[in-house]
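Undergrad: First, the structure itself, so that you have it in front of you.
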Amino acid sequence: MQLNKFELLFRIVLLAVICGGTAAGAASSDVRGFVVEPPKVIPAQPLINQDGQTVQFPAVGKWQLAFFGFTSCPDVCPITVQKAAQALKQLGNDASGLEVVFLSVDSRRDQPDVIKKFLATHDTRIVGLTGQDGAVQGVANDFGVIARRYQGKTAMDYRIEHSSFLYLLDPQGRIMIFYPEKIGPVQIAADFKRLSAVATP
């Protein structure tokens with residue numbers, strides 16, 4: 001689920017909170033997302049992928065398109081996953097240069113096999129990551145992701161509300177651009193092509 005008021009607040013304060021920089025507007029002549037200036041470095045952390053393997057995120061040496069969500073999300077998450085999958089399709093042969101990463105904010109319920117089944121309905125190239133609550137929350141905090149859990153009557157009875165931005169990270173593990181809901185897969189793919197073409201190896 002998603003809280004629109006969280007999204008609005010997040011658009012206003014994201015960079016002031018996590019980057020200490022400024023954001024170029026979405027109307028920039030070069031890119032369609034919000035540019036993070038200076039780019040925000042995300043410290044690498046060990047997480048568990050959908051095959052049960054420990055991997056580092058962000059992955060050094062790869063362009064990555066990352067987003068946070070959870071598999072039982074009824075609306076925003078499936079839409080965001082589909083947008084990311086469509087961005088890969090837009091890239092065609094260039095898709096091999098971009099790794100799409102889904103990070104679960106619901107590590108209690110989103111075990112690797114659950115994430116794998118969820119992503120398989122969209123695009124098997126998407127990498128799913130989970131881990132212990134502390135590890136996932138630490139990464140979410142680094143991104144400035146807003147995620148709140150509302151507890152129900154039992155330990156596994158709860159709902160989650162979260163922001164739904166996508167983040168483009170460069171091969172050094174830095175957030176270069178973030179995308180609100182209104183930015184579509186065509187624009188995301190175009191931004192990646194433009195930036196990766198001019199990036200210093």
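The values are calculated or read from the model by the stated rules, or taken from the named source; none is laboratory data. Quantities reported herein were computed from a predicted structural model and do not represent experimental measurements. No Cβ is skipped: glycine too gets one built from the backbone with ideal geometry, and neighbour counts run over all protein chains shown.
Undergrad: Within segment 153-201, which residues are farther than 25 Å from residue 78 by Cα, at pLDDT below 95 and not aliphatic (A, V, I, L, M)?
TA: Passing the criteria: 153, 154, 194, 196, 200, 201.
Undergrad: Applying the selection to segment 50-92, what residues are polar (S, T, N, Q), assigned to a strand (DSSP E or B) and within 14 Å of the chain's Cα centre (by Cα)?
TA: Start the filter on segment 50-92 by keeping residues that are polar (S, T, N, Q), which leaves 50, 53-54, 56, 64, 71-72, 80, 82, 86, 90.
Remaining after also requiring assigned to a strand (DSSP E or B): 54, 56, 64.
Passing the criteria: only 64.
Undergrad: Which members of segment 93-110 meet the condition of being of a type in the set (S, T, N, Q) and in a helix (DSSP H, G or I)?
TA: Initial filter on segment 93-110 (of a type in the set (S, T, N, Q)): 93, 96, 104, 107.
Across segment 93-110, the qualifying residues are 93, 96.
Undergrad: Of all residues in segment 30-49, which are among the β-branched types (Val, Ile, Thr) and assigned to a loop (DSSP other than H, G, I, E, B)?
TA: If the condition is that a residue be among the β-branched types (Val, Ile, Thr) and assigned to a loop (DSSP other than H, G, I, E, B), then 31, 42 are the ones that fit.
Undergrad: What's the number of the condition residue 36 fails, among (1) surrounded by 17 or more Cβ atoms within 10 Å (Cβ to Cβ); (2) in contact with an Asp or Glu (Cβ under 9 Å, 6 or more places away or on another chain); (3) at pLDDT below 95?
TA: Condition (2) is where residue 36 drops out.
Undergrad: Considering only segment 49-87, state which residues are surrounded by 15 or more Cβ atoms within 10 Å (Cβ to Cβ), in contact with a Pro (Cβ under 6 Å, 6 or more places away or on another chain) and more than 19 Å from residue 170 (Cα to Cα).
TA: Residues satisfying the conditions are 50, 83, 86.
Undergrad: Something else now. Considering only residues that are surrounded by fewer than 23 Cβ atoms within 10 Å (Cβ to Cβ) and within 15 Å of the chain's Cα centre (by Cα), which ones fall in segment 107-122? Working first, answer last.
TA: Filtering segment 107-122 down to residues surrounded by fewer than 23 Cβ atoms within 10 Å (Cβ to Cβ) leaves 107-109, 111-114, 116-117, 119-122.
Scanning segment 107-122 gives a single hit, 119.
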